[in-house]
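Notes follow once the structure below has been shown.
What follows is calculated from the coordinates using simple rules that are stated; it is not laboratory data. As the structure is a prediction and not an experimental result, all values here were calculated from the model. When we count neighbours, we look across all protein chains shown, and the Cβ atoms used for this are built from the backbone with ideal geometry, even at glycine.
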Amino acid sequence: MQYRDFGSSIDWEPSALGFGAMRLPTDEEGSVDEDRAIEMIRTAIDNGVNYVDTAWPYHDGESERVVGQALEDGYREEVHLATKMPSWEIESQADLDHYLDAQLDRLGVETVDCYLLHALGQDFWENYQSVDVFGWLEDVHDAGKIDHVGFSFHDDVDLFKEIVDAYDWDFCQIQYNYLDEEFQAGRDGLQYAVDRGLGVIVMEPLRGGRLATDLPDPVAEAFERAAADRPPVAWALQWLWDQPEVSLVLSGMSTMDQVNENVEIASRSGVSQFSADDHAAIEEARDRFEELMAVDCTGCNYCMPCPTGVEIPRNFDLYNRLETGGDPDAVVSTLEDMDDTARADACVACGECEEACPQNLEIISLLEDAHARFEAASA
């Protein structure tokens, strides 16, 4: 495993690959498959991963509990543990204390190494300032409950810079991949944070898996024409690790095969390994993707659960598969297997999903578009 620089205020080096516990394997009932999840996390750690990331809402709270179990039997000493404050639940400083203490209990630890304010955007940012989150952070740091302080971010780059400058953060976490180089914080924000001494963690490096499997033919052909022979996941991850500004790439792995593949690619990671031909291939792949994609959904699931049961990310994934050359019969078959309440046309336009979406997608109208496309494919 390769290790990276983590800004100016953290004196340990993170592994190039971090384990993101957002997409742990689940059983038939939708609960976390604890045995498989624990085995995956420990396998990653045994192979050099030293950063494990979770958050309050992941798997309805199961993620923090299962991560805590995975770090028993001596594994806690091998990793730096990160979790995140649920920004949408905060109304007072008492809430800050309540959630942090509950998280420590779920995780079974006394200290969280890296603590983040989750999914900062304009509203959450203003609310945190109103409850004096900075004073609270100092207090819980002094009490030994958290070590390093950061934030994850979903908004525009101007707000990102404002937040970076507002506090003496240790690190930040941004959405960044070869499709999102100019999205949200983007490349400009990445460099801005690094210039101010922050470590930068990358989330959604594979765009919810879209950059890893079943690439549209025009995108796959762009990579096939390149001199280098890499699978799609390696193109996406190595593009990130090629950049010295990236401290750590956080991958949400849901199978052991993904753990093994990502660990192996990370073992060959490094800065400035991409050739001019490699960069040209990435640029062409990005152009082809942008021409084809119908919805810029990353599958983060912040919009879920839908009050009426619509499986929003799943519908958008199927919509994108149709638009990017996927098999219409396979998509229609998948739709037929879904419950009526899970399909796009079951949306009642309540708007809760749009308030929660970190991509600021117009989900209601996009679901209408998806349904129309599904109808056409079924005809």
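Look at (1) more than 23 Å from Val219 (Cβ to Cβ); (2) surrounded by fewer than 18 Cβ atoms within 10 Å (Cβ to Cβ) and you find that His279 fails only one, number (1). Consider only pairs whose beta carbons are under 7 Å apart and that are at least six residues apart or on different chains; among these, list those whose first residue lies in the range 145-161 and is surrounded by 18 or more Cβ atoms within 10 Å (Cβ to Cβ) and whose second residue is among the hydroxyl-bearing types (Ser, Thr, Tyr). Filtered contacts from the range 145-161: Lys145/Thr111; Ile146/Thr111; Ile146/Tyr115; Val149/Tyr115. Within the option set Arg373, Arg343, Arg314, being within 14 Å of Gly208 (Cβ to Cβ), out of contact with any strand residue (DSSP E or B) (no Cβ under 8 Å at 6 or more places or on another chain) and of a type outside the set (A, V, I, L, M) holds for one residue only, Arg314. Taken as a whole, the range 274-297 holds no residue that is closer than 21 Å to Gly209 by Cβ and of a type in the set (Ser, Thr, Tyr).
Candidates are the residues of the range 325-355 that are among the small types (Gly, Ala, Ser) and loosely packed, with under 15 Cβ neighbours inside 10 Å; the one that is nearest to Met293 (Cα to Cα) is Ala330.
When Asp296, Asp287, Asp317, Asp329 are screened for being assigned to a helix (DSSP H, G or I), among the charged types (D, E, K, R), out of contact with any Lys or Arg (no Cβ under 6 Å at 6 or more places or on another chain) and closer than 30 Å to Ser15 by Cβ, only Asp317 passes.
Mind checking which residues of the range 26-60 are surrounded by fewer than 17 Cβ atoms within 10 Å (Cβ to Cβ) and within 17 Å of the chain's Cα centre (by Cα)? Correct list: Asp60 only.
Looking only at the range 53-80, count how many residues are part of a helix (DSSP H, G or I) and not small (Gly, Ala, Ser). Reasoning before the result, please.
Just the residues of the range 53-80 that are part of a helix (DSSP H, G or I), to begin with: 58-70, 75-78.
Of the ones still in play, those that are also not small (Gly, Ala, Ser) are 58-60, 62, 64-67, 69, 75-78.
Here the count works out to 13.
All conditions in (1) closer than 21 Å to Glu204 by Cβ; (2) in contact (Cβ under 8 Å) with a residue 60 or more places away in the chain hold for Glu354, with the sole exception of (2).
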